[in-house]
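Here is the structure we will look at, set down as structure tokens.
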Amino acid sequence: MEMDIMIDKNRVRKFRNQHTWSQDHLASASGLSLRTIQRIENDGSCSLESKKALAAVFNIKPSDLEMQIDALQNLAASKRGRIFGFAGVIGGLVCAYIVITLTLISGQINSADAGFYYGAVGAFCGICCGIIGVVSNRYYTAISTQL
């Protein structure tokens, strides 16, 4: 069984558009199936033979289809940042809920106030998760277009 490799899906699409070819025409010219071309342009995974076939049909070196290492590192950093961001929000939520619960148990606040604080902390964490999601998605999109 062949192992898939990652190539720059945006470069494949760019070379295809430069030739004003449809995906179907590229599939015919390269000897690959239309489904293979669609998969390559969607997620960038292909076999070594598919990479060589695309390079031959575009009259370029196979290495010209490889992803840039800086962009790959940026994608990995973006994912790590998103994970740590969400972990920080969840950690803050748990700590806040523990403090509110202990304060309620000790009698320093009543249950109405505790309910308000639980709701406020939950809403704040929800907003933070939404912001992290939107910002990381925009950053991911900006990095992906550089590939």
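Tabulated results
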{"read-out": "Between 0 and 90°, nearest 10: helix 48-58 axis offset from the chain longest Cα axis", "value": "60"}
{"read-out": "Separation in nanometres of the label points that stand 7 Å from Cα toward Cβ, at Ile5 and Asp113", "value": "6.6"}
{"read-out": "Directionally averaged projected area (convex hull, Cα atoms, the chain), nm²", "value": "12.3"}
{"read-out": "Rounded to whole Hz, the Karplus (6.51, -1.76, 1.60) HN-Hα couplings of region 123-130, x for glycine and proline", "value": "5, 4, 5, x, 5, 4, 5, x"}
{"read-out": "Helix-only [θ]222 nm of the chain, DSSP H runs n ≥ 4, -39500 (n - 2.57) each, per residue, nearest 500", "value": "-26000 deg cm²/dmol"}
{"read-out": "Rg over Rh [alpha-carbon atoms, Kirkwood Rh] for region 5-65", "value": "0.89"}
{"read-out": "Added length on full extension, which subtracts the Cα-Cα distance from 0.36 nm per residue, Asn137 to Ser106", "value": "6.9 nm"}
{"read-out": "Under 5 Å, built H, 5+ apart or other chain: amide partners of Met67", "value": "Asp8"}
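Laboratory data are not the source of any read-out in this text; all were calculated from the coordinates shown. Predicted, not measured: the structure shown is a model, and the values here were computed from it. All Cβ positions, even for glycine, are placed from backbone atoms using ideal geometry, and neighbour counts span all protein chains on display.
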